Every structure is written in C-alpha cells, then in structure tokens.
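See below for the structure under consideration.
Read-outs throughout are calculated quantities, based only on the coordinates presented, and are distinct from any laboratory measurement. Since the structure is predicted, the reported quantities are computational estimates derived from the model, not experimental observations. Don't worry about glycine lacking a Cβ; one is built from the backbone with ideal geometry, like all the others, and counts go over all protein chains shown.
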C-alpha cells in the first residue's frame, strides 16, 4: 500500500473530482492499451500440417481468440478493477457509460478480448451491479453480467491500432529501410541466409524477412497446442532452429519499428528510423496525448464539446502486439519495457498511461505502467523514458508531449498514407541540399569567400 | 411444423450445403435487421422534469439500453436460435466464426442489443458449447457464455444503418420535401399548428415537425418509466393530447421516409419521394441484395474472394426503428408490415430476409418475415411486396432486385451525400425540360408542325 495515499481529495484545481491521490499527485485520467489474448495463427506456411481446420476454438479458424485468451483477459480485467476500483476508488464500482470508452481494432480476437476483460472488470456476480437496473434479472442471463459496448473502426484505415492497415507510404518507408546498409548487411549475413534458405525448403514457399513472422508465429502457437505432434509431423523442427529463426524475426521487428543501431539511418535523404516511428507509433501516441490535452484544456469548462472528455476517466484501446511495440518504439523504450529485449509483447500485455495533476504546482504529470503477461503484475516503466526522473514514478507531461511531437505524422495519417515517398523525397533531397548549401556558406566550407 | 419439410438435403446445385428445405425451396442465406431494445430517451425538451440524470439504467444517461431492452433481445435471440438452429438446423448448434457476421451502428444501445441477442442465440448454459473449447471453464466466467464479436462502423458516415448520418444531400431533399404542397398543407393545418403551438409553450422551446419526435419519444418512454409522476409534473400531459402529437409525428415520419399521397411528389423537378427512399432505404436494401448476388455468384467457386460469402450463413444488422422503416419504405410495404399503420417499428422489431434456391427450377427466391416486438412471433410479409405472389411465401428474387435497383442511390452514397441537390437539380430540370420537349414534339403537343 502506498503510505502517503489519501484516497479521497476533492481537488482544489477547479473542475477535477478525483478519488485517488498519491501524495500531491491526483489521478485524473487513465488510458489503457492492451494486446489481445492467446489466439490461433492468423495464417501459416504451405507445408504446415496444421492448416486452418486444425484450429477449432473461439468459433474456429485463423486468428480466433482461444478460451485461454479469454481467460487471460478476464484475469487482466479483474486486475484492472482491483487497481482502479478497489484500491484507487478512481473508477466507479459499477459500469458508468460516460466514464469508460472502449475502442478495438475490428477483428474478432481484439473485440472478444475486450468483452472478456470487461467481464472481469464489471461483469462479475459480486453485487457491484444491480439486477433490473444494470442487467435483466431473468432466466438465461448470467447473474451480475453487465454488457458493455466495444466500438470498432474500419480495419483497413485504422492506422492507429492496426499496424497492417492499408498505408502505401508505410510500405514505401519499409522498402526503403530494407535498402539501408544495416538491414542489407543483416539480411545478407550467412546466418540469416542459411535460416531463410532452410525455411524456404521446409515450408514449400520462398521465405524472406517479410513473411518470416508467419512461420515463427505459427510454430510458436503450435508449440502451445500441438507440441508433441509438431515435432513428429515437422521433423525439421528443433528448439534450437526455432530459437534461431525467432531471434532473426525479433531483429526484423526492431527494423520494422524503426529501431536501428545506425542513428540516424538516412537512405535517399530520409531518416527511415524516424519516418517509421512516425507512421507506426506516431498515430496512437499522438491520439493519447490529444486526449490528455483535451482533458486538461476542458478542466472546469462546461461547454458541450467538453462534456465527453470531462466525464471520461478511462479510454481503452484493444489492439495487438504490433501496436504496443510501435507505441514503445515511438518512445524509444521498446527494449526497456519488453522483456526479453527485442521480443514482442505477449498475450494480454497492457500499457497503462496515467495522467496526474500535482495539487501543489498544479502541473500535469504522467506515469506509465506495463503488464507483461497473464500472471505478471504492473511494472512501472516511466523511468525508461528519456528525460524522465530516475527517482520518481511521475514524469513531467511535457516529456511525453515532446516525444509525441517529434514523431507526429507529417500530415493527418489518412492523407500521409496516400502520399508518395519518392515525390516527397525529391522535396526532402532538395531541401537537404539547400540546408547543406547554407551551412557551407555559413562556415565558408568551400573556401569560396 | 411445416409438413413437407425435409430437414436434410445435400443440395444438387453445386456448392450449396443446406440443411433446411421447405418442399423444393432450400434455405441458403439469412439476413437479419433489427431495432435495439427498450432505451432511455436520446434527448428531451427544455422544460422536461426528466432530464438526463433521471435515467440511471444501462450505465446511465441518454440513449442507453435498459435491462428490459437487454431482455427483449435475449428473448429474440432465443427465438432466432429456435427457428434457425433447433427447427431449421440451418445455423450451427454452436457459434461458428465463419457462418455469422454481426454489424451494428456505433452506439451503445445497438451494440449491447446485439450482445444480448447473441447471448440468447449462443450463450446459454445448455451444453451447446464446450467449456475449454468455446469459452474458459474458470471462476468468474458464466457457464455456457460464448462471447461473439460485434463489428461497428463510423456512425457519422454509416449511411446504411444510421438514418441521422451526416449527409447534407439527404437534408436538402428533406428541406425540399417540406416545401411540397402536401407537406405544407399538412403542417399549416389548424390541428397541427395548434399542437405545435401548445408544445412550444409547454416545452420552453420552438417545436416544429423536425424536433417533434424528441418530445413524443421522451413522453413515450416516460409513460413506461415515470407514468405517475409524468402526469403530476407535466400537468399539461393528457393521453389524448399525447395521442394527437404522436399521430402528427407518425405522419411526419411517413413524409421523412418519402411516403406521400401525392405520387410522384415533384418539387423543383425532383421526385422527393423517390429521392428520399433512395437516400434512406436505398443503401441498406442494396447492401442486402449485394450480399445475395455475391452469394449466388460465388456458388461452387473456390476463389479466395468467394471464401467469406461461401462460409457465411447469417449476416446481422443491429440498428434502429428508422433503419427498418426506411427499409420497408424502400419496398413500399411500411404500412403493410408495421402496425398500427404509420407507427414506427417497436423495440426489438426484426426483419428476416431469407434466400432460397428452388431445387427444381434452380431459381433464387426470397421470403421476408417480420417480428413486431417482444412476445410476438414471426409474421410473413412477403406477400405485401408488389409483384410477389399472393398464394406463396416465396417470391422471385428479381422482384427484390428490381426494387433495389429503382431506389439505388444515384452514386455511391458517400459521394452522393456530398453532392448539392441544387446543382444536380439544374441538371435534372434541364433534362426534365428536354424530355418534355421531345414528348411534345412527338405528340405534336404544341400543334406547331
């Protein structure tokens, strides 16, 4: 228990009613980003003995949430309730339609993960809700079950939650990144070529760094559900070989998220590191910061356009490992937060972004907490963010704002996705040359004057 | 029980496996459109003693689904299961992710109505699903509850399900329709003016035919939840006065759905009846017919783009009374289907559009069934559609296709919504004059030749 917590503080700063304070820090808003639970593969390789009909759970077929995945999110929901309702008394004891908003990517596994999570938060038969007021008291309706709406957006254009959204510009940036020396030398290294070559033989299809994840992901899940038969049916499968392929894929994922050892990693005048982080993690980080700025701006305001955010206490994104990894990469803490380093966020991994106002200096602070997987607790990762103090869980909000700014998409992401990198690159090259010329003149670099 | 039903028929027509036949008619596809259940008002008038804080159920606030509404859809879900699983053996005994797709408008009440309905269809503790395969067998998870994803689309641009979507063209058509003689004479009639005038005084705000629904709808719901206090707090409220206002609103709704006594109702060269039905009911009717055409076109095809529709057996739209009424108006059966005539579809009203293939003539037929409200059965309304036989529940699909065609939006609805009726009207006026000129010449109308 945090000793200096005063559970109830009618906050002096006009407009904010909060029920959780840690010393002078008053919690006013929480945003939650999680990965769905355990699932079946979303696709697999040609020669895989475990094709779609091998996956019967969750309604059957590719990419469905399993009962284990539902349970993982039921548990996370209970943990979130314990934190924000029982301990912090910040979220309401029973579901309040104005205080909680749930957005999911538009695929079954993320929607159903959210439904399972909310069952853990507000659907238990624990007398927190009232039959006849919150749910029907009738035969066939589980006692205590309060259905909560999960909202989705079109998946193809969900550039915020779906890292595989249709975004030609993003594809171009990745193609360009693959031509960088660092990626080329990695891909062409003997080890990588050997593994890709072997997999191409084993899998009955060309395997490269773009589709390697399909194989490692299928094998990962098959080790959970078909561990014995996997090894007899795929006699080329060994733990050592899998570990090698998986490590290669981890490194590819770093590249794909704009994380390079070469910093900056400039190709054709483009910093492919920054561009990648802008186009992947930029939208969701800036969406969260936008909510925070709106929350602070609307403090004490009663205008209709502030009603929604003034009432809102918890905004939830139900999404994917790729979303969390892009978010962490945008903040350059992916290796700090996700263990083992380079690995991807696990099932039901969750990031909690908490906004606090200090009752003394009236300034906004944030705290970032990470739930690694089912069974793990909440780990404070705020200190991993460059510029945040190393002796406090609370960091000045401007640090987060600056990160968001530096990787803000150059245009509204919908439009940016449709721009041509090459066209914008000629502009970038010209402007780079122009800047270089000015610098040269300034420093009389060419000894002309 | 339908006597000549053969429950299992491995259909000769290549590609279709169906398990329900009525004589030679084999059921291959069902589309369901329903209204959400009982809710709180979405807004109310200024002087209403029952403002938003009077509505605490369903998470609290405007427009939330009540436990009664959840129960209405739980019941409808059980009825649908009884029809399509138990009796027809058409839909699977347990949830199959490929055979069922649920789309909802993006508001809590329609999403939660769908969740409640699916709880009735596939979430009961009746051993139809398998713990550990379909849901987690753990503490805190209701036995038998199988969570099923409900997909939503952006509400503002959901021109298919949300009749209040942002569609300037639709607003222009309505403004034009209001200038038609029929609507003007109705609005200016003594009765209507008297009621609107009285309501303006009572409600503390100008009341016209555009916002009358807010008052009648709030009063309708208050009669359910606050019937006694309603009459003491609003001493102007009488059943007779309410019935008058409601009847006026019913008539306004007919106009708003493009149903006029004047046929065609031409204003400034536009048939506002057809235009209204095109822009309101056109999208959803054509979406349903598109699914049917796709289903038929993909028969026996194994190409990837046919996989989704080949597997799909039930497409569900969770929407509103306005959606159902627009759909029925598009088919000109709104007064045939919805009783009392002119009234709006009630809570958990549902339309079932069933596609059959005749095993003898190999032709496609449709059957349309209407569930009026909680507690009512399924009523066959196919015969109400012009051109459909009066001695059979099955109607040639081309009749439906023709209706869909006649009220197909002139452009993809997203684009059409952004066109300017006045600009397109000048074109329409010119073309109307042009046609009139040709007719005149043909018939030597002007005696000039």
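Observations, loosely collected:
- Comparing A:366, A:327, A:50 in a Gaussian network model of chain A where C-alpha atoms under 10 Å apart are linked, the largest mean-square fluctuation is found at A:50.
- Bridges between two residues of chain B, per DSSP, are antiparallel at a rate of about 65%.
- Chain A: most fluctuating residue of A:200, A:303, A:44 per GNM, C-alpha cutoff 10 Å: A:303
- Mean-position separation - Cα centroids, segment A:189-234 and segment B:278-294, in angstrom: 44 Å
- Scanning chain A for the beta carbon that comes closest to the axis linking it by rotation to B yields A:142, 2, distance in whole angstrom.
- Chain B: relative contact order as a whole-number percent, Cα under 8 Å and 6+ apart: 22 percent
- Whether segment B:31-416 is rounded, prolate or oblate, judged on the alpha carbon gyration tensor where a/c under 1.5 counts as rounded: oblate
- Copies compared at residue A:189 - label distances in nm, ascending, label defined 7 Å from Cα in the Cβ direction: 8.3
- Label geometry 7 Å along the beta-carbon vector: residue B:82 inter-copy distances in nm: 4.3
- Max mean-square fluctuation residue, GNM over chain B, Cα-Cα springs under 10 Å, options B:31, B:193, B:99: B:193
- Summed over qualifying helices (DSSP H, 4 residues or more, each -39500 (n - 2.57)) and divided by its residue number, chain A shows a 222 nm mean residue ellipticity of -13000 deg cm²/dmol.
- Note on residue B:99 and residue A:205: with the Förster distance fixed at 35 Å, the Cβ-Cβ geometry gives a FRET efficiency of about 0.75.
- DSSP-defined antiparallel bridges as percent of all bridges, the protein assembly as shown, nearest 5: 65 percent
- Approximate spin-label separation residue A:156-residue B:307, in nm, with each point projected 7 Å along Cα-to-Cβ: 1.7 nm
- Counting Cβ atoms of other protein chains within 10 Å of each Cβ in B:56-68 and taking the mean gives 6.
- When you restrict to C-alpha pairs under 8 Å that are six or more residues apart and normalise by the size of segment B:265-342, the relative contact order lands at 36 percent.
- Separation between Cα centres of segment A:316-342 and segment A:354-392, rounded to whole Å: 15 Å
- Approximate spin-label separation residue A:190-residue B:24, in nm, with each point projected 7 Å along Cα-to-Cβ: 7.5 nm
- Taking all Cα pairs closer than 8 Å and separated by 6 or more residues, the relative contact order of segment B:188-331 comes to 19 percent.
- Computed from label points 7 Å out along Cα-Cβ, the spacing between residue B:198 and residue A:82 is 6.1 nm.
- Segment B:82-159 and segment B:241-268 have Cα centres lying 37 Å from one another.
- Segment A:112-155 residues near the modelled residue B:137 label - backbone nitrogen below 20 Å, point 7 Å along Cα→Cβ: none
- Distances from residue B:231 to itself in the other copies, using label points 7 Å out along the Cα-Cβ axis, amount to 7.9 nm in increasing order.
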